[in-house]
Amino acid sequence: MMARARWSQRSADARAERDETADQARVVAALARLADLLERIENPRAAEVTALGRRFDDDPEAVWHTLNGNAWWAGAGSLAAETMADNPGLDPQQWRAEVREFRELLLDIGAVLRGRGEPNPGLGSWLLAFRNWNDSAV
């Protein structure tokens, strides 16, 4: 029980030390790039990602909640799982580059979420997989 209390306090301390403005700016930039990428590969979630980036000004907590949600990180049907989609007909080399960038953008967003504390349970597995796949040129 004591270890859990220390972990919870460290997590709260880490969140308090974060630069909220910098986190938000980093994620807004990543979301804009991700939306562009999703448009290029004709992914139907492009509009959703564009809208999410624009919502930071109105309701940042809701955006953080959405970004940390199962729709982004929990198995089949999640945005993370879309990095494993079949090539929609692009040149294979271009497709590999797009998928690599897709993973890099999710790695960037995931790193911010992890730094904010209490990330989605699926986040760590995806981040590890993305790093390994990109390092191995998969």
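Enumerate the calculated ³J(HN,Hα) couplings along the range 55-72 in order (Karplus 6.51 cos²θ - 1.76 cosθ + 1.60, θ = phi - 60°), each rounded to whole Hz, writing x wherever the residue is Gly or Pro.
Along the range 55-72, the couplings run 6, 4, 5, 8, 8, x, 4, 5, 5, 4, 4, 5, 4, 8, x, 5, 5, 9 Hz.
When the helices in the chain are scored as -39500 (n - 2.57) per DSSP H run of 4 or longer and the sum is shared across all residues, what 222 nm value do you end up with, to the nearest 500 deg cm²/dmol?
-22500 deg cm²/dmol
Spelling out what I want: for every residue of the range 93-108, take phi, set θ = phi - 60°, compute 6.51 cos²θ - 1.76 cosθ + 1.60 (Karplus), and round to whole Hz; glycine and proline get x.
Karplus-based 3J(HN,Hα) across the range 93-108 equals 5, 5, 4, 4, 5, 5, 5, 4, 5, 3, 4, 4, 5, 5, 4, 5 Hz.
Residue farthest toward the positive end of the dipole of the range 2-135, with Cβ of Lys/Arg at +1 and Asp/Glu at -1: which of Leu113, Leu67, Phe102?
Among Leu113, Leu67, Phe102, the one farthest towards the positive end of the dipole of the range 2-135 is Leu113.
Given that just one value was derived from the coordinates, which of [x] 51, 31, 25; [y] 45, 28, 27; [z] 54, 35, 23 is Cα extents along the principal axes in Å?
Label of the calculated value: [z].
Please rank Thr50, Thr21, Thr83, fewest neighbouring Cβ atoms within 10 Å first, as an exposure proxy.
The most exposed by this proxy come first: Thr21, Thr50, Thr83.
Between the range 94-126 and the range 63-77, what is the C-alpha centre distance in whole Å?
Cα centroid to Cα centroid, the span is 11 Å.
For the range 22-69, state which trypsin sites (Lys or Arg not before Pro) are in a DSSP loop and have at most 16 other beta carbons lying within 10 Å of their beta carbon.
Those that pass, being in a loop and sparsely packed, are Arg45.
Could you go through the range 132-137 in sequence order and give the Karplus-derived ³J(HN,Hα) for each residue, using 6.51 cos²θ - 1.76 cosθ + 1.60 with θ = phi - 60°, rounded to whole Hz, and x for Gly and Pro?
4, 5, 5, 5, 8, 6
In percent, what relative contact order does the chain have, based on Cα pairs under 8 Å that are 6 or more apart in sequence?
Worked out over the chain, it gives 29 percent.
Quick note: the coordinates plus some simple rules give every number you see, no bench work behind them. This is a predicted model, so every value here is computed, not measured. Cβ sites come from the backbone with ideal geometry, for glycine too, and all protein chains shown count toward neighbours.
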